[in-house]
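Shown next, in structure tokens, is the structure this report addresses.
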Amino acid sequence: MSQSAYAAAGVDIEAGDRAVELMKAHVARTRRPEVLGGLGGFAGFFDASAFKNYEHPVLATSTDGVGTKVAIAQAMDKHDTMGFDLLGMLVDDLVVCGAEPLFVTDYIACGKVVPERIADIVKGIAAACEAAGCSLLGGETAEHPGLLSPDEYDMAGATTGVVERSRILGADRIEAGDVVLAMASSGLHSNGYSLVRKVLLADAGWQLDREVAELGGTLGETLLTPTHVYAKDVLEMIAACASTGADGKVVDGIHAMSHITGGGLANNLARVIPEHLTVTLERSSWTPPAIFQLVQQVGKVSQADIEATLNMGVGMVAVLPEAQVAAAQAALDARGVEHWMLGRFGASREPRGGAPRHGVTSMRGHRPEGAGGTPFGTHLYVR
């Protein structure tokens, strides 16, 4: 059988079709009742009549990728966990607003379609969709010969969710005295890998199969640890802290949330700090896991730089009244999510010179043993 002109140019349509067949069963497991039709159409369909129980439904959307963590997966030839990294970057940006993720679409660009590899990637995306409670509604796999090498790929996605307008979480709900409740990350998640790869692989010359005692395994295993997807954890916590007011409307006990991704804890928490308040976080309330300390020590990275790049072991934070803390903690305990009291909001302070210090984050406490950089207690302007 002669090769088609398109195949000769490096695009194998038959391999793409084979990949679709291999991924169908994985995608089918994510199907929600609102999904209409199946794979292969020009568009994915989601029945919006499901919103009839909302008084004022608002759609929320997010798009993101996984960054250079894909280079670790490619080097280790392990691709079925990257979906959790993608979903974490997508759906957890919705749930911090109070929205329920409904569906996801993905995009995979590769140098060569290897059906089994593409199916492995989609298998991971589908498993993460199941964990988040949303459907994998569709996607695209694009072969880019000459642009990417045969073993290279990149992946991105988009997600849509829904929230009652009156229940959108955010800075306008936060009050002085509110508590900051932290949830542990599973590791680096999917941010800061350009720094991590430079420090440990390029500069230090470490190999991914290197056994690192502090990590309890190989470097590659730690770097490839999947992102924890908090979607169901957060939605159950929000439900556990909600009550019904005298007017019959739902009153949310959670005031705001922040997903700790690129930019670190202070920069992401700053996105929900009201101008009239400040927040003080206690560094002594947790110890960053070994991988964070390893990157800092091996690379001689300053405290300010490491905290502005990596999540330092905090993957998500909730802001809520102290009276709701026990309910929130019970919900997280039931989900097996590690959590702790991280800080508290207070009224804006007046520095020398008289101008209010709006949105100042004070990070105080002792540095982790062996950490370098600036002393704790420095006030960081985050607005």
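Across the chain, how large is the tail of the calculated P(r) beyond 26 Å, expressed as a percent of all Cα pairs?
Percent of Cα pairs beyond 26 Å in the chain: 56.
Could you tell me the center-to-center distance, by alpha carbons, between segment 223-265 and segment 158-176 in angstrom?
Taking the Cα centre of each part, segment 223-265 and segment 158-176 sit 10 Å apart.
Semi-axes of the equivalent ellipsoid for segment 92-161, please: Cα gyration tensor eigenvalues, times 5, square-rooted, ordered largest first, whole Å. Present the calculation step by step, with values, prior to reporting the outcome.
On the way: eigenvalues 142, 29, 14 Å².
For segment 92-161, the semi-axes come out at 27, 12, 8 Å.
Roughly what % of DSSP beta bridges within the chain run antiparallel, to the nearest 5?
Numbers: 48 of 61 bridges.
Within the chain, antiparallel bridges account for around 80 percent of the total.
Take the alpha carbon atoms of segment 29-52, find their center, do the same for segment 282-317, and report the distance between the two centers in whole angstrom.
Comparing the Cα centres of segment 29-52 and segment 282-317, I get a distance of 41 Å.
So what is the relative contact order for segment 8-114, in percent, with contacts set as C-alpha pairs under 8 Å and at least six apart? Please list the in-between numbers first.
Numbers: 49 pairs, mean separation 30.0, N = 107.
So the answer I get is 28 percent.
If the limit is 22 Å between Cα atoms, which of K198/K300; K24/K69; K78/K300; K69/K112 go over it? Please list the in-between numbers first.
Values: K198/K300 12 Å; K24/K69 26 Å; K78/K300 30 Å; K69/K112 19 Å.
Flagged as over cut-off: K24/K69; K78/K300.
Would you calculate, for the chain, the mean residue ellipticity at 222 nm contributed by helices, counting each DSSP H stretch of 4 or more residues as -39,500 (n - 2.57) and dividing by all residues, to the nearest 500? Display every interim value, and only then the final one.
Working: 12 runs with 111 residues, N = 383.
When only DSSP H runs of four or more count, the value is -8500 deg cm²/dmol.
How large is ³J(HN,Hα) for each residue in segment 127-132, as worked out from phi by the Karplus curve 6.51 cos²θ - 1.76 cosθ + 1.60 (θ = phi - 60°), to whole Hz, x for Gly and Pro?
4, 5, 4, 4, 5, 8
Taking segment 66-120, which trypsin sites (Lys or Arg not before Pro) meet the DSSP loop condition and have no more than 16 other C-beta atoms within 10 Å?
Values: sites: K69, K78, K112, R117; in loops: K78, K112.
Of the trypsin sites (Lys or Arg not before Pro), the ones in loops of segment 66-120 whose Cβ has at most 16 other Cβ atoms within 10 Å are K78.
Ratio of alpha-carbon Rg to the 2.2 N^0.38 Å globular estimate for segment 221-271, to two decimals, please. Could you put the intermediate results ahead of the total?
On the way: Rg = 15.5 Å, N = 51, 2.2 N^0.38 = 9.8 Å.
Against the empirical 2.2 N^0.38 Å value, I get 1.58 for segment 221-271.
Would you mind counting up the charge near G177? Only other residues with Cβ under 12 Å from its Cβ, with Lys and Arg at +1 and Asp and Glu at -1.
Values: positive: R344; negative: E175, D178, E322.
Summing Lys and Arg as +1 and Asp and Glu as -1 gives -2.
How high is the relative contact order of the chain, in percent, with contacts defined as C-alpha pairs under 8 Å that are six or more residues apart?
Rounded, it is 19 percent for the chain.
Dipole of segment 134-214 (Lys/Arg Cβ +1, Asp/Glu Cβ -1, origin at the Cα centre): which of Y193, S166, L208 lies farthest to the positive side?
Farthest towards the positive pole: S166.
With charges set only on the Cβ (+1 for Lys and Arg, -1 for Asp and Glu), what does the dipole of the chain come to about its Cα centre, in debye to the nearest 20? Mind showing how you got there, number by number?
On the way: 30 positive and 45 negative charges, 188 e Å.
I would put it at about 900 debye.
So what are the ³J(HN,Hα) numbers for segment 328-334, from phi and the Karplus equation (6.51, -1.76, 1.60; θ = phi - 60°), rounded to whole Hz, Gly and Pro as x?
Here the 3J(HN,Hα) series is 5, 5, 5, 5, 5, 4, 5 Hz.
Would you mind telling me the antiparallel percentage of the DSSP bridges in segment 80-187, rounded to 5? Walk me through the numbers on the way to the answer.
Numbers: 10 of 19 bridges.
Just about 55 percent of them are antiparallel.
As I understand it, the dipole of segment 41-115 uses +1 on the Cβ of Lys and Arg and -1 on the Cβ of Asp and Glu, about the Cα centre. Which of C110, L90, S62 lies farthest toward its positive end?
C110
Highest first, please rank the peptides 208-214, 140-146, 26-32 by the mean number of other Cβ atoms sitting within 10 Å of their residues. List each step's numbers first, then the result.
On the way: 208-214: 12.3, 140-146: 15.6, 26-32: 17.1.
Final packing ranking: 26-32, 140-146, 208-214.
Given an 8 Å cut-off on Cα distances and at least 6 residues of separation, report the relative contact order of segment 187-249 as a percent. Each step should come with its number before you reach the end.
Values: 34 pairs, mean separation 19.8, N = 63.
Computed over segment 187-249, the figure is 31 percent.
So which residue, out of G248, G111, G161, gets the largest mean-square fluctuation from a GNM of the chain using Cα contacts under 10 Å as springs?
So, out of G248, G111, G161, the one fluctuating most is G248.
Tell me, what HN-Hα J-couplings in whole Hz come from the Karplus equation 6.51 cos²θ - 1.76 cosθ + 1.60 at θ = phi - 60° for each residue of segment 59-71, using x for Gly and Pro?
Rounded to whole hertz, the list is 7, 10, 9, 8, 9, 6, x, 10, x, 7, 4, 4, 5.
Top mean-square fluctuation among A50, A15, A127, Gaussian network model of the chain, C-alpha springs under 10 Å?
Between A50, A15, A127, it is A50 that shows the largest mean-square fluctuation.
If the viscosity is 0.692 mPa s and the temperature 37 °C, what Stokes-Einstein diffusion coefficient in µm²/s follows for segment 31-73 when Rh is the Kirkwood radius over Cα pairs?
Numbers: Rh = 13.9 Å.
After rounding, the answer is 236 µm²/s.
How would D85, D247, D252 line up from fewest to most surrounding beta-carbon atoms within 10 angstrom? Please report the intermediate quantities before stating the final value.
On the way: D85 30, D247 6, D252 20.
Starting with the residue having the fewest Cβ neighbours, the order is D247, D252, D85.
Among the trypsin sites (Lys or Arg not before Pro) within segment 268-313, which fall in a DSSP loop and have no more than 16 other Cβ atoms within 10 Å of their own Cβ? Display every interim value, and only then the final one.
Numbers: sites: R271, R283, K300; in loops: K300.
Answer in residue order: K300.
Values quoted throughout were computed directly from the atomic coordinates according to the rules given, and no laboratory measurement underlies them. Small disclaimer: the values here were computed from a predicted structure and weren't measured. Neighbour counts run over all protein chains shown; Cβ positions are idealised from the backbone, glycine included.
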